[in-house]
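Here's the structure, in structure tokens; my notes come after.
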Amino acid sequence: MPDKRILEMKGIEIQFPGVKALDKVDFDLIAGEVHALLGENGAGKSTLIKCLTGVHHMDAGKIIYDGKEITPTSPQAAINMGISTVFQEINLCQNLTVAENIFVGRLPMKRRHRIDWKGINNRASELLKRFNIHIDVTRPLDYFSTGIQQMVSIARAVDIKAKILILDEPTSSLDENEVERLFDVVRELKKSGMGIIFITHFLDQAFVISDRLTVLRNGRLVGDFYARNISKIELVRQMIGKDMEQIFALKRPTVAADATNMLDVESLGIASKVADVSFTLKTGELIGFAGLLGSGRTETAEMIFGVTRAEHGTIKIHDREVRIHSPLDAINQQMAFCPEDRKRDGIIGDLSVRENISLVVQSRRGIFNPMSIKEQAELADQYIQLLGIATPDAEKKVGELSGGNQQKVILARWMATQPDLLILDEPTRGIDVGAKAEIQRLMLKMCAEGVSVIFISSELDEILRCANRVIVMRDRCKAGELPGESSRQEDILHVIAEGTATGEEA
Amino acid sequence: MKWKFDSQHILKSKITWAVVAELLILLVCLIIRPEFFEISYQESTGMLYGSIIDILNRSSEITIIALGMTLVIALAGTDLSVGAVVALSGAIGLKLMRWDMSEYPTAGNYSVTPLIWVFLVALGICFLFGCFNGLMVSRFGLQPIIATLVLMVAGRGVAQIITNGRQMTTNFAPFKFISQGSVLFLPMPIIITAVIFILMVLLTRKTSFGMFVEAVGINPRASRVSGLRSSLIIFSAYAITGLLAGISGLIYASRIGQNDSNNAGINYEMDAILAVVIGGTSMSGGKFSLAGTVMGSIIIRTIITFVYYFGVAAEAIMAFKALIVLVVIVLQAEPVREFISKRRKARKTAIRGELHG
Amino acid sequence: MDERTMRIRRQSFLNRVLNPRYIMVYATIGVFLLIYLFGALMYGDIGFTTIRTFLNMFIDNAYFGISAVGMTMVLITGGIDLSVAAIAALTGMFIAYGNTILGIDPFLCIAFAMVIGIGMGALMGAMIHYLNVPPFITTLTGMFLARGVCSMISSESVAINNDAFNALAGWKVNVMKLVDGVWVKVKPIAFINLNVLLFLFVMLLGAYLLKSTKFGRNVYAVGGNEQSAKLMGLPVARTKILVYAFNGLCSVLMGVSYALYVKSGWALALMGGELDVITMAVIGGTLLTGGVGYMLGTFFGVMLKSIIPALITFNGNLLSWWGKIATGALLLLFIGIQRIVVTYSAKRKGKAADCVSKKT
């Protein structure tokens, strides 16, 4: 294959308020190859792509496409140049037909101002047949499964005579068969000389389909590798990396020998999301949940807390079976939950710090047993001090605080309820190093006070330093359980990458 | 709603702009005709009279509804059925008082049903109407506009059926008292409005109801994770609005001394929504201000009184209202606000390390 | 091979007819036919089934129907327009006041009204799109403004006494039938007038625009998912503004049609008519959430809404107010059906949809 570079990105830099999102990142793409872009959340994959497609504008660096330097200004401009993107969320209109979704915006016309429906439907059928998909293209898109919808969006992208196709997490909602089908299509396209950038969290898939892999971490380029020259474990290590922060003297919680079972989860699951998860948690113990994104970590936590209702399985608290159908039930069982998506599930942006902190305490007390403003303020001030929340006063809107401080406010909200069980889903993501260490310390302090903690994180260092036991999730199942003290990163990486553990089998 | 002026707390308050607008209108009145502000005491009725009193008095019906509507809008909803409920409430009230309409067609100073039952039944049914709306929105997850459109269309029909399509009149003094009577020199509607306002403030600020409403209005998902029962909260907001619309309907019926299923409460839903929006509560939900709503309602009434009083052209009221609303919504529009706050931010050098996404 | 093509072709025809997206339209047609059948059984002997009764339903509601066309488009984009009846009243006032008081040619008045109506529509569309003001509030303001201006022109009802205009209003085509080789009028006399033709024309125009032009497909795309539409490179702003402008035009035409119907202009004409129009569109299967709606459905929505007063008239004992309640009940019925359809289709692909919405 002639080594024809169709895309070169050099020294790309992007500055977001308070964060350097991309720092001198290089990337290149050869015609007829699949180039995977890997990295954990916040590593800068999406930012790099958005820079290429003109959503973000770079502060430094240059993009050379097809031998010419370009500066994409909008997604539309990028498409016109031949750079098409298929996003994880399907950016099509569910109410239009399949055929229309492929052609809308450039519908072929008959006699100038009449849409040529027959032509559209025939062409769409032909196009999808090339992908080995035989469906009735006159049905509305929402009639079909997500997998088909994803193919349709690829068909749309490809039909615009693209030279570069960017697939941004296209497989995260597909089942195995659908993934296989998608890959067939990708191979087909590759053969025709298209350059394909493939972003994913699933390492297996990256290895199956890609020729080259580029790894980003914290906005920096870690390196690019040929898929045949690197092992999975090595790759995971590259993605997760050593934490740059200085290691605080963190002490793993000690679990008393006679500690009782605080939480007992038995074969909890939802058919389409998580398969039977079972584990126990002792009083004062800290369990870490490791695994890549989409492995079922968050889903498990949400089931335990009643955010989504489990379809089967039981939850026992202090050896008594409890029914948890809503977060309120969980709160009444002295549980607390800091959700992964701070903006969507956590903060109530327009309310003040005071109100955000006292919200859960108040919801447990009920509507007619209100805390006075003074009580709220005292509670808020107490936690502002305890957690060192950087805010001028308790009346500041939470939405105006920085990410780390928002996270602390949510933590405060739950600490104020004095829970027995604390579930933390990625509490340290997207916040600066100082705040990170502080949150870890707080977590351990609570353990020492007899609170049981479930700690979900993508950063293995963090988990290994804090957890008594580590549960590894992989492909929506529990893949293994490792002791926290004696395990090394390699052990966990091995389970994440290969799905086999020294302990039990998935 | 987001008047982002951090430096000055007073400018941050949502009600400020409504007050400023009201004062500006009054100032214009003062300049043109100072006697606009005259207040006189009439001994025969034991009441104060004057344009200002009149504004407060006449705005009561809208204010009372708008207080409930504030909660509904804070929850990112709307209630279109209030106008129909106003007509319904009057119809039920008059029907209960004048069962005997067919035998004694002239208005008389009596009621067939004890007045307390008149009130209880009328308000009870209006409350049920509110509950119906609440159920449709909270339980069945229908869009508020369409869910409340059902009763908006059917409500007046029900009112007509109840009264058999007739207009009944009454001079029953205790009933007339709720609009014509006075307590503490002030007309009853003002007193009733004030009492309801205080009750609503107590309900929202002395319990945690207000905070919950705001939380659900701003971020329903996070509220649920925090253990709030959002559907119950949404349901109550509509139920309360139904009840308040009923009260408003009785006052209106008392004022005109009859029921009028065709015209009672016409466009009240629009006026109430406007009052809330002018008062600084955003239609996309979130923080609300009851005092702002009262101010908004007073502004609307001031415009009307102003136009009547100066005889500019009574017909221009609608157009006037439209212009005022136009100014308010343009000022509240997100892009405009962003523009303003961007300019302000540029002036301020303090940069907060805000992390997006 | 040939056989297979044939089979596929037949299948695709069946598919097209049974397409789940037409369920709402079928429901509307079905309910209309049921009610018509009910009327025929109950009041067939006193003339419910005559052509005259049928055409009168058109004549009495043509002006609403015209506006329902524009409203359907607005609703498909996910918006709403409360100003339609007010703009129609303003149109009527322009014609009446302009002609009777100022002596201007009525057709010039209509042209002027069109400019104003389309302009207001476009302006509201621009406000909704660029300033991000909720359509409800924007068009409410538009309604107040139009009504206000209308009553500023005249608070009294103004009669229209223009010969040409009256000729238009009186123009009609009788329904004839062939008896023994001679064309005679059917008994009881039935006719269609200009309003009915105008209604049918606007309806067909609307259907054509929606089905066969890029603009129409953009309307659906914007209503289906505005964000996606933007990412697919569709002209979202232009589409939204054009839709409101077109609706403004429909409002003006409703005003003209209503003026032809009552031969006067009045500031309070068609009070609350916007809700009648919205109701027609909704019972015709248009979703207020946007993205779904068909002119055929709206057509039967108009018919369905018009048959109720007709039934009540034929009954003779019922107060006309039962009409409002029946309309409310119909609305409830169709919201219920919509809800079931939506839940059903969400359930069918439940897990997939769930996964997609999971991460944003």
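The values are calculated or read from the model by the stated rules, or taken from the named source; none is laboratory data. Being a predicted model, the structure only gives us computed values, none of them experimental. Every residue, glycine as well, gets a Cβ built from its backbone with ideal geometry; the counts of neighbours run over all protein chains shown.
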Discussion item. Please determine whether any residue of the stretch A:403-426 is away from chain B (no Cβ under 14 Å), touching a Phe, Trp or Tyr at 6+ places or on another chain (Cβ under 9 Å) and either surrounded by fewer than 21 Cβ atoms within 10 Å (Cβ to Cβ) or part of a helix (DSSP H, G or I) (or both).
Written reply: no
Practice prompt. Mind listing just one residue for me: the one in the stretch A:168-221 that is touching a residue at least 60 places away in the same chain (Cβ under 8 Å) and among the aromatic types (Phe, Trp, Tyr) and, of those, surrounded by the fewest Cβ atoms within 10 Å (Cβ to Cβ)?
Written response: A:202
Worksheet item: Would you pick out the residues in the stretch B:166-203 that are without any contact (Cβ under 8 Å) to a residue 60 or more places away in the chain and in a loop (DSSP other than H, G, I, E, B)?
Response: B:181, B:184
Discussion item. As an exercise: evaluate residue B:233 against (1) crowded, with 24+ Cβ neighbours inside 10 Å; (2) touching a Ser or Thr at 6+ places or on another chain (Cβ under 9 Å); (3) in contact (Cβ under 8 Å) with a residue 24 or more places away in the chain and give the number of the one condition it does not meet.
Written reply: (1)
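Residue-by-condition table, conditions (1) away from chain B (no Cβ under 14 Å); (2) hydrophobic (A, V, I, L, M, F, W, C); (3) without any contact (Cβ under 8 Å) to a residue 40 or more places away in the chain:
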site: C:33; (1), (2), (3): yes, yes, yes
site: C:36; (1), (2), (3): yes, no, no
site: C:40; (1), (2), (3): yes, yes, yes
site: C:62; (1), (2), (3): yes, yes, no
site: C:66; (1), (2), (3): yes, yes, no
site: C:83; (1), (2), (3): no, no, no
Item to complete: Output yes when any residue across the stretch B:264-278 is surrounded by 24 or more Cβ atoms within 10 Å (Cβ to Cβ), in a loop (DSSP other than H, G, I, E, B) and either within 14 Å of chain A (Cβ to nearest Cβ) or modelled with pLDDT of 90 or more (or both), and no when none is.
Response: no
Practice prompt. Within the stretch B:213-235, identify whether any single residue is more than 14 Å from chain A (Cβ to nearest Cβ), assigned to a helix (DSSP H, G or I) and small (Gly, Ala, Ser), and answer yes or no.
Written response: no
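Which residue is modelled with the highest pLDDT, if the candidates are limited to the stretch B:295-344 and must be charged (D, E, K, R) and closer than 20 Å to residue C:267 by Cβ?
Step one: list which residues in the stretch B:295-344 are charged (D, E, K, R), which gives B:301, B:315, B:321, B:334, B:337-338, B:342-344.
Filter once more, keeping what is closer than 20 Å to residue C:267 by Cβ: B:315, B:321.
On the way: B:315: 66, B:321: 78.
Applying the filter and picking the extreme gives B:321.
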Response to the item:
residue A:338 fails exactly one of (1) over 15 Å from residue A:414 (Cβ atoms); (2) touching a strand residue (DSSP E or B) at 6+ places or on another chain (Cβ under 6 Å); (3) of a type outside the set (Gly, Ala, Ser), namely (1)
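Restricting to the stretch A:257-279, name every residue that is within 27 Å of residue A:445 (Cβ to Cβ) and surrounded by fewer than 16 Cβ atoms within 10 Å (Cβ to Cβ).
At the first step, the residues of the stretch A:257-279 found to be within 27 Å of residue A:445 (Cβ to Cβ) are A:257-265, A:279.
Matches in the stretch A:257-279: A:257, A:258, A:259, A:260, A:261.
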Discussion item. I'm told residue B:189 meets every condition in (1) under 21 Å from the mean Cα position of the chain (by Cα); (2) modelled with pLDDT under 90 except one. Can you identify the failing condition by its number?
Written reply: (2)
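Looking at the structure I just gave you, is residue B:204 crowded, with 18+ Cβ neighbours inside 10 Å, farther than 16 Å from residue B:59 by Cα, hydroxyl-bearing (Ser, Thr, Tyr) and within 11 Å of another protein chain (Cβ to nearest Cβ)?
Numbers: crowded, with 18+ Cβ neighbours inside 10 Å: yes; farther than 16 Å from residue B:59 by Cα: yes; hydroxyl-bearing (Ser, Thr, Tyr): yes; within 11 Å of another protein chain (Cβ to nearest Cβ): yes.
For residue B:204, the condition - crowded, with 18+ Cβ neighbours inside 10 Å, farther than 16 Å from residue B:59 by Cα, hydroxyl-bearing (Ser, Thr, Tyr) and within 11 Å of another protein chain (Cβ to nearest Cβ) - is met.
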Worksheet item: Would you say residue A:344 is more than 7 Å from every other protein chain (Cβ to nearest Cβ) and basic (Lys, Arg)?
Response: no
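If a residue counts only when it is at pLDDT 85 or above and more than 9 Å from chain B (Cβ to nearest Cβ), which helices (runs of 4 or more DSSP H) contained entirely in the stretch C:295-360 have at least 1 such residues? So that I can check it myself, show each step before the final result.
Values: elements: C:295-315, C:321-348, C:350-358.
In the stretch C:295-360, the matching helices (runs of 4 or more DSSP H) lie at C:295-315, C:321-348.
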Item to complete: Being among the basic types (Lys, Arg) and facing another protein chain (nearest Cβ under 10 Å) is the filter; apply it to the stretch A:124-165 and report the residue that is nearest to the chain's Cα centre (by Cα).
Response: A:156
Discussion item. Pull out all pairs, ordered by first then second residue, where Cβ-Cβ is under 8 Å, the residues are six or more apart or on different chains, the first lies in the stretch A:471-484 and is free of Cβ contacts under 8 Å to residues at least 40 places away in the same chain, and the second is surrounded by fewer than 19 Cβ atoms within 10 Å (Cβ to Cβ).
Written reply: A:480/A:500; A:480/A:502; A:480/A:503; A:480/A:504; A:480/A:506; A:482/A:502; A:482/A:503
Worksheet entry | Every residue from the stretch A:37-78 that is within 14 Å of chain C (Cβ to nearest Cβ), farther than 26 Å from residue A:294 by Cα and out of contact with any helix residue (DSSP H, G or I) (no Cβ under 8 Å at 6 or more places or on another chain) | A:73, A:74, A:76, A:77
Worksheet item: Of the residues that make up the stretch B:89-97, is at least one more than 22 Å from residue B:294 (Cα to Cα), in contact with an Asp or Glu (Cβ under 9 Å, 6 or more places away or on another chain), in contact (Cβ under 8 Å) with a residue 12 or more places away in the chain and not polar (S, T, N, Q)?
Response: yes
Worksheet item: Out of all the residues in the stretch C:270-292, is one or more within 12 Å of another protein chain (Cβ to nearest Cβ), on the phi > 0 side of the Ramachandran plot and without any contact (Cβ under 8 Å) to a residue 24 or more places away in the chain?
Response: no
Worksheet entry | Any hit, the stretch C:237-251, residues being surrounded by fewer than 24 Cβ atoms within 10 Å (Cβ to Cβ), within 14 Å of chain A (Cβ to nearest Cβ) and assigned to a helix (DSSP H, G or I) | yes
Worksheet item: Which residues, taken from the stretch A:271-283, are away from chain C (no Cβ under 14 Å) and assigned to a loop (DSSP other than H, G, I, E, B)?
Response: A:283
Worksheet item: How about the stretch C:111-140: which of its residues are facing another protein chain (nearest Cβ under 10 Å), of a type in the set (A, V, I, L, M, F, W, C) and more than 20 Å from residue B:145 (Cα to Cα)?
Response: C:127, C:131
Worksheet item: When residue B:142 is evaluated against the numbered criteria (1) part of a helix (DSSP H, G or I); (2) closer than 18 Å to residue B:242 by Cβ; (3) within 12 Å of another protein chain (Cβ to nearest Cβ); (4) not aromatic (Phe, Trp, Tyr), which criterion, by number, is the only one it fails?
Response: (1)
Practice prompt. Could you tell me which residue of the stretch A:108-123 is farthest from the other protein chains (Cβ to nearest Cβ), considering only residues that are surrounded by fewer than 20 Cβ atoms within 10 Å (Cβ to Cβ) and in contact with an Asp or Glu (Cβ under 8 Å, 6 or more places away or on another chain)?
Written response: A:108
Worksheet item: Considering the stretch C:78-133 alone, what residues qualify as being part of a loop (DSSP other than H, G, I, E, B) and under 28 Å from residue C:158 (Cα atoms)?
Response: C:81, C:82, C:83, C:102, C:103, C:104, C:105
